[in-house]
Amino acid sequence: MAHSSDQQRGIVLVLVLWLLVAMALVAGLVVAWSRERIASATADRVALQEHLDAIGSRDTLLYLAAIVPTTRAGLPLAPLRPAALADRRFDEFGGLDESPRGGELRLDGTVYAGLGGIHFQVQDEAGLVALNQPSGPGLIALLAAAGVPTTERASLIAALEDYADADDLRRFNGAESREYDREGLPPPSGRPLLISREVWRVFGWSSLSADARRRIEDLTTTAYAGALNLNTAPLPWLTALLPDCNRSCRIRLERRAEAPFLNAAAFEAETGTRLPGDRDVDFRTAPSDAWRLTLSGRSGRVWRIHVRSTPLADQAGPWTVEATYRLTRPPSDAAPLPIPSPLFAPAPVD
């Protein structure tokens, strides 16, 4: 009897141990699941706050753009004082005054600190290379700056022109539907590009190096095809556009944030260079109404937004958002500059 009782106690002990192990496993799973849910909820909260900060930074910028006229130096951080506004209204040419006021937000892709942890860049699209105007000198200079061999540039431009036109006539070194079919590619659209990344659908363009693709996508636009803004064009390709730009020329270009160029003639005189094409038609020094906003958060999320100012639109807002999409990485690793404006100050804590 004693032996049977010992066996029963042993079985009970084993069962109790297994039950304790099972309870420990269940408790461990519950703790792990709880931690995972807490981490997920925390990540969602951070992502939501980051998204709200991005929207706030965007809307603050657009609000400023709607109430404050731009200058050659960029976007001022405050409206004109009543006395200065009255002087402009009484001046016959006051509405055309684009003189710098000092302290403007630069529209050349400079990185700024927005709301929360958001970094943003504003790029006047008139400072970018117009992909829908491939015959101009800007695209050739960009391909050169991106390291594309000279022997490939003409064929890439011809293929881009063939991609956008509505006919089936193939340019010399270009590509029409037959060439796309032969390579198993979707046919050309027969219309201008909608966004810059669409250029990788053009015959031959997707074979460029990753570095060249990154540069081209960041320095081009499809939202503007007018005169080039010499005060907002990115310096790497602007210097490529000027083959005779020496050291003193580059120094003057780097100073344009503090001393914007008045016009194309002043640009040539102060840099000692000659602009390609017609300097009075192909170039400008004041911002356009088309801007590209790039906003990035600490999580690595990057949004790109193309907006157009429409202050005189009938029964519509003072701006129009023309395209929005995500990027895989921020276009710049530069440290952001602070903005001395209460509009971008942190919200007070209650």
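The values are calculated or read from the model by the stated rules, or taken from the named source; none is laboratory data. Just so we're clear, the structure is a prediction, and the values are computed from it rather than from any experiment. In this analysis, Cβ positions are derived from the backbone assuming ideal geometry, glycine residues included, and neighbour counts consider all displayed protein chains.
Quick one: is Pro192 more than 25 Å from Asp278 (Cα to Cα), modelled with pLDDT of 90 or more, assigned to a loop (DSSP other than H, G, I, E, B) and under 28 Å from the mean Cα position of the chain (by Cα)?
Working: more than 25 Å from Asp278 (Cα to Cα): no; modelled with pLDDT of 90 or more: yes; assigned to a loop (DSSP other than H, G, I, E, B): yes; under 28 Å from the mean Cα position of the chain (by Cα): yes.
It is false that Pro192 is more than 25 Å from Asp278 (Cα to Cα), modelled with pLDDT of 90 or more, assigned to a loop (DSSP other than H, G, I, E, B) and under 28 Å from the mean Cα position of the chain (by Cα).
Identify, from the list Ala269, Ala227, Ala259, the residue that is touching a residue at least 24 places away in the same chain (Cβ under 8 Å) and over 22 Å from Gly147 (Cα atoms). Give the steps one after another, and end with the answer.
Details: Ala269 fails: touching a residue at least 24 places away in the same chain (Cβ under 8 Å); Ala259 fails: touching a residue at least 24 places away in the same chain (Cβ under 8 Å).
None of the others qualify; the one that does is Ala227.
Only one of these is part of a loop (DSSP other than H, G, I, E, B) and buried (at least 16 other Cβ atoms within 10 Å of the Cβ): Ala166, Ala144, Ala126, Ala175. Name it.
Values: Ala166 fails: buried (at least 16 other Cβ atoms within 10 Å of the Cβ); Ala144 fails: part of a loop (DSSP other than H, G, I, E, B); Ala126 fails: part of a loop (DSSP other than H, G, I, E, B).
After applying the criteria, what remains is Ala175.
Quick one: which of Thr110, Thr151 is farther than 17 Å from Val199 by Cβ, of a type in the set (Val, Ile, Thr) and either outside any strand (DSSP E or B) or free of Cβ contacts under 8 Å to residues at least 40 places away in the same chain (or both)?
Values: Thr110 fails: either outside any strand (DSSP E or B) or free of Cβ contacts under 8 Å to residues at least 40 places away in the same chain (or both).
Exactly one of Thr110, Thr151 is farther than 17 Å from Val199 by Cβ, of a type in the set (Val, Ile, Thr) and either outside any strand (DSSP E or B) or free of Cβ contacts under 8 Å to residues at least 40 places away in the same chain (or both), namely Thr151.
Quick one: count up the residues across segment 214-240 that are over 14 Å from the mean Cα position of the chain (by Cα) and not in a helix (DSSP H, G or I).
Taking segment 214-240 first, the residues over 14 Å from the mean Cα position of the chain (by Cα) are 224-231, 235-240.
So of that shortlist, the ones also not in a helix (DSSP H, G or I) come out as 224-231.
The total comes to 8.
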